[in-house]
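The structure appears below as structure tokens.
The values are calculated or read from the model by the stated rules, or taken from the named source; none is laboratory data. Computed from a prediction, not measured in an experiment: that's the story for all the values here. Glycine also receives a Cβ, built like all others from the backbone with ideal geometry; neighbour counts cover every protein chain displayed. Side chains are part of the model used for accessible areas, which takes the heavy atoms of the whole protein and leaves out ligands, DNA and RNA. Shrake-Rupley method; radii C 1.70, N 1.55, O 1.52, S 1.80 Å.
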Amino acid sequence: MEEQKQKPHALQWHPAFYAGIQIELESEADLLLFENEHQLGTKPKEIDVLIVKKEKEVPIRKNIGRIFRTHNIIEYKSPTDYLSVDDFYKVYGYTCFYKADTAKADSIGIQDITITFVCHRYPRRLLRHLKEERGYEIRNEEDGIYYIIGDKIPIQLILTQKLSEDENLWLKSLTDELKETETAKRLLEQYEKHKGNGLYQSVMNLIVHANKEKFQEAKSMCEALEELMKDELEAKKAEGITQGKAEGILELLSDLGQVSEDLKAKIMGQKNIDILNKWLKYAARSETIQDFEQKIQ
């Protein structure tokens, strides 16, 4: 939950993060239920991402999800934001509210909840506070993943800039400070394999816009990206043209009488532009719908 004032044309990091965390956990997505901006109660209190494990006893193997229990609350801070001491208490409070906000008392056990903080910058002041004031232990579990030990609720911190590129390419690359050309190449290679997937499109679009200079430095990569997206753009353009032709035919036929559902389906389902062009001419010249149907047989 990022409360800082948005500048005009500011990059929308949160939708890309929501897509990115689903990509990271896609191998076990059938075990998880993802919910974006889960609202608490009737007033505008929202958890950034809520991930509910469908089967309580089945562990999550992915590194960022090994800590997960049944109800997993995620707080995300973009590369331009900072995770503060007050952010910790706000999210901890939201977590307690989430546990209590049920129809049946204690239906969500405190042992079934985890908290994950995701940020780009190392929150030095917060971690010092947790150690000195709360008596917590901070344990570096692996690259970019820290377990905060000492609370009844399991808590982890994910530092995206320190994540392993091999394990967490997409979350690590969710930055406006992409440094390595090789990383951009790997992203393009992975995107090519999944370019029809909306999650990958969302993250890739944000990464490219946030790192325009890096992609412009390697002209060949920009051309590769353009080539990757060309088929998709051409397909959408062709789809728009065929839909427009089909709608034009139906508009002309509506002046001649009632168009049957079968005929509508036949016209709207036709994807061949040349055929639709012929039908458009027939529709303009026909005196009745029956006359048109005879011409297109």
Filtered residues of segment 160-185 (kept if at pLDDT 90 or above, open to solvent by 30 Å² or more (accessible area, probe 1.4 Å) and part of a helix (DSSP H, G or I))
161, 162, 172
Leading residue by the ranking (modelled with the highest pLDDT) among those in segment 16-59 that are open to solvent by 50 Å² or more (accessible area, probe 1.4 Å) and touching a strand residue (DSSP E or B) at 6+ places or on another chain (Cβ under 8 Å):
54
Out of all the residues in segment 245-297, which are surrounded by fewer than 13 Cβ atoms within 10 Å (Cβ to Cβ), in a helix (DSSP H, G or I) and among the small types (Gly, Ala, Ser)?
254, 265, 284
Is there a residue being open to solvent by 40 Å² or more (accessible area, probe 1.4 Å), modelled with pLDDT of 75 or more, more than 24 Å from residue 11 (Cβ to Cβ) and not small (Gly, Ala, Ser) anywhere in segment 186-195?
yes
Somewhere in segment 81-102, is a residue surrounded by 21 or more Cβ atoms within 10 Å (Cβ to Cβ), assigned to a strand (DSSP E or B) and at pLDDT 95 or above?
no
Return the only residue of 128, 134, 139 being out of contact with any His (no Cβ under 6 Å at 6 or more places or on another chain), assigned to a loop (DSSP other than H, G, I, E, B) and farther than 23 Å from residue 38 by Cβ.
134
Which one of these is under 24 Å from residue 167 (Cβ atoms), among the hydrophobic types (A, V, I, L, M, F, W, C) and part of a helix (DSSP H, G or I): 73, 51, 64, 60?
64
